[in-house]
Each structure stands twice: as structure tokens, then as C-alpha cells.
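Enquirer: Below is the structure I would like to discuss, written out as C-alpha cells.
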Amino acid sequence: MSATPHITARHIEEAGRTGHLAWSRWEPVPAQGDDGTSPLPTVLLHGASSSRRSWLSLMPALTGRLVVAVDVRGHGDSAFPDGPLDRADVSLDIAAVLDDLDLARTAVIGGSLGAALAVNLSVQRPDLVAGLILEDPPLRAGTEPASYLQEMRENLSRAAALTPAQLRDEVRQTMPGASEEEIRIVAEDRAKFDPRFVDYGLDWFVRPWREIFAEAAFPITVLAGDPERGSVVSPQEEMECVRLLGRANVCRISGAGHSIRKDAPTAYAQAITAALDGIDATIRSGSAVIGNPRPDKA
């Protein structure tokens, strides 16, 4: 592990690397009168062609929490390693970072691709996960026709040929409500994205998500937008999530599409805060079952 510290008003921030992955870690600055109780560490996993920088707007809502955000392999400042492609390795990358930072029992927030990786992490390393918050998860992943994957490859190839100014203009058209800073970050992230990542395909869950949701002994919250605005969670999938998780753990946020935190930031931050508080309360009450302790901590 290597890290470079930077002190801000609310956090001590580090940027470091674990193997081929880049990460940022925000340690909360103790507040005056702190009673010594700490909420669970929070892990942030971004969507495809994005990076850990996409979470910066959420940081004010996470004040007081230790936060870790990771660039998935082939995204942001993380390299794309050589070798055979196995989608299970992508979420195990995240486990390696958390082991490196000596973290366990975390609340994991994932957006889109990151939501699927969060679910996989809970299966592969249940000792690391105390609860999941899934932003517009790709529950139908793997059911798209082959033409969809080809279209994605073509769009990525076309984006790679654009100048930075052209890429910003394209992002501006698709994100009319975004600030210029958000547009710049999204455009830069798309330019850094390694198109070889698409070769993993679109079937991301290491086990059927319905089985995982039904068996989970920890809180899972699903946040979705409006299907007519681009949310990938269908009404039928929403009903299935409600059946498996309960109505209180499934939330449609009106006015938002696939990227809820950009389309409806206030409602999104409120939903995230409530879900995190719920995970903390569940752990404090002892009603959640966390996976077997790590061997080195047993």
C-alpha cells in the first residue's frame, strides 16, 4: 500500500494504490464533543466508464464516516491487468483494497456496475460487508442481446476518437443539469476508460441476484429512478425486490434516471443517509449476521 495524505476541513484524505487499483480514503476529523461512537466505514463503487471522483458530490452527506472509494480495474487511475478475463476477479480487487486498509464490516454503496460488484463482494467476502445500498442495479444484466454489447463497443471506440472539447460537449448534451465541473470529470473518466473492460460481457452477478437477496442476513437497500428517464430497474424487478427485501428497502426516486445521485442529488443524499443509519442501527442491535471473521482477526 502507498498513500499520500491531504487534510481537509472535515476529513483527512489519502490517495493510494493496492496492486493495480487506485483508491481514496477519507478519515473523519474528530468533532468537538465526539462521544467515541463511530458509524460503519463506507465503501463507494462507481459505474462503468466512471471513477471514484464521481462520488465527490456525496461526501458532505458522509461527514463523520470513514469513506473509501475505489477505481475499478480499467477505470480512472486503475490499470487493466493482463491475463484471462474473469468477472469474479473484479470484485475481489475491492476485497484486496479493504484487506490492505485493514477494514471489515463495511457499508457498501454501488452505482450501476458498482452495485453488481457490491453484491458479488457480499458473496465472495461476507466478512467485509455489513450492508448494501444499490443505486439502479443492473438486475437484468446478461439478458441483453449480443447487438447491445457490440453497440457499446462502437460507442466507446467513437468516444475514444473525440477531442476533450468534443467529449465535454457530448456529455453536456446528455447531462443538461450537470455543472461544468461534473461534466469535466465525466468526460475525463470516459477518456481514461479501458475498452477492454467490455470484453468481460454484461452478465455481472456471480450468483443469481434473487437468491442472494433472499438469503442475505444483512440490510440491502435498492434505489431506482424512473424507467421513462432511463432507470434500468423495471417495475417487475421492483416488485420482486419488494417481495424479497420489504417495501421499506426499495425506493423509487422520481425525476431521476439511471444516475440518481446526479439527477436528484438532494433526494439521493437523504435516501443514502437513511439507509446508512439503518445499517448502523442493525449492527448496534446485533440483529445482522456478518460472515465468518477474517482468519487473521479470529
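Enquirer: Taking only segment 188-244 into account, find how many residues are over 19 Å from the mean Cα position of the chain (by Cα) and of a type in the set (A, V, I, L, M, F, W, C).
Expert: 6
Enquirer: Do you know which of the residues in segment 2-28 that are open to solvent by 60 Å² or more (accessible area, probe 1.4 Å) and out of contact with any strand residue (DSSP E or B) (no Cβ under 6 Å at 6 or more places or on another chain) is modelled with the lowest pLDDT?
Expert: Of everything passing the filter in segment 2-28, I7 is modelled with the lowest pLDDT.
Enquirer: Can you report the number of residues in segment 132-144 which are open to solvent by less than 80 Å² (accessible area, probe 1.4 Å) and at negative phi? Before you say what the answer is, go through the steps one by one.
Expert: As a first pass, look at segment 132-144 and keep what is open to solvent by less than 80 Å² (accessible area, probe 1.4 Å): 132-139, 141-142, 144.
Those still in the list that are at negative phi too: 132-135, 137-139, 141, 144.
Going through segment 132-144 one residue at a time, the tally reaches 9.
Enquirer: Suppose we filter V171, V123 for residues that are at pLDDT 85 or above and within 22 Å of F193 (Cβ to Cβ); which single one remains?
Expert: It is V171.
Enquirer: Give me a count of the residues in segment 225-259 that are polar (S, T, N, Q) and within 20 Å of E211 (Cα to Cα). Talk me through it step by step, then tell me what you get.
Expert: Our first condition is that a residue be polar (S, T, N, Q); within segment 225-259, this holds for 231, 234, 236, 249, 254, 259.
Filter once more, keeping what is within 20 Å of E211 (Cα to Cα): 234, 236, 249.
Selection size over segment 225-259: 3.
Enquirer: Within segment 63-86, does at least one residue satisfy the condition of being outside any loop (DSSP other than H, G, I, E, B), open to solvent by 10 Å² or more (accessible area, probe 1.4 Å) and touching a helix residue (DSSP H, G or I) at 6+ places or on another chain (Cβ under 9 Å)? Break it down stepwise before answering.
Expert: Taking segment 63-86 first, the residues outside any loop (DSSP other than H, G, I, E, B) are 67-70.
Going one step further and asking which of them are open to solvent by 10 Å² or more (accessible area, probe 1.4 Å), we end up with none.
No.
Enquirer: Go through segment 227-260 and give me each residue that's among the β-branched types (V, I, T) and either in contact (Cβ under 8 Å) with a residue 12 or more places away in the chain or touching a Pro at 6+ places or on another chain (Cβ under 9 Å) (or both).
Expert: Restricting attention to segment 227-260, the residues satisfying the condition of being among the β-branched types (V, I, T) are 232-233, 242, 250, 253, 260.
Within segment 227-260, V232, V233, V250, I253, I260 meet the criteria.
Enquirer: Could you pull out the residue among L56, L113, L117 that is open to solvent by 20 Å² or more (accessible area, probe 1.4 Å), under 26 Å from T273 (Cβ atoms) and under 13 Å from the mean Cα position of the chain (by Cα)?
Expert: Working: L113 fails: open to solvent by 20 Å² or more (accessible area, probe 1.4 Å); L117 fails: open to solvent by 20 Å² or more (accessible area, probe 1.4 Å).
Checking each option against the conditions leaves just L56.
Enquirer: Of the conditions (1) farther than 23 Å from V198 by Cα; (2) open to solvent by 30 Å² or more (accessible area, probe 1.4 Å), T106 fails just one. Which one is it?
Expert: The failed condition is (2).
Enquirer: Okay, moving on. Within segment 45-73, which residues are over 19 Å from A187 (Cβ atoms) and among the hydroxyl-bearing types (S, T, Y)?
Expert: T63
The values are calculated or read from the model by the stated rules, or taken from the named source; none is laboratory data. Bear in mind that the values here come from a model prediction, so they are computed numbers and not experimental data. Please note: Cβ atoms are built from the backbone with ideal geometry, for glycine as well, and neighbour counts cover all protein chains shown. Areas reflect the complete protein model, heavy atoms only, side chains present, ligands, DNA and RNA absent. Shrake-Rupley method; radii C 1.70, N 1.55, O 1.52, S 1.80 Å.
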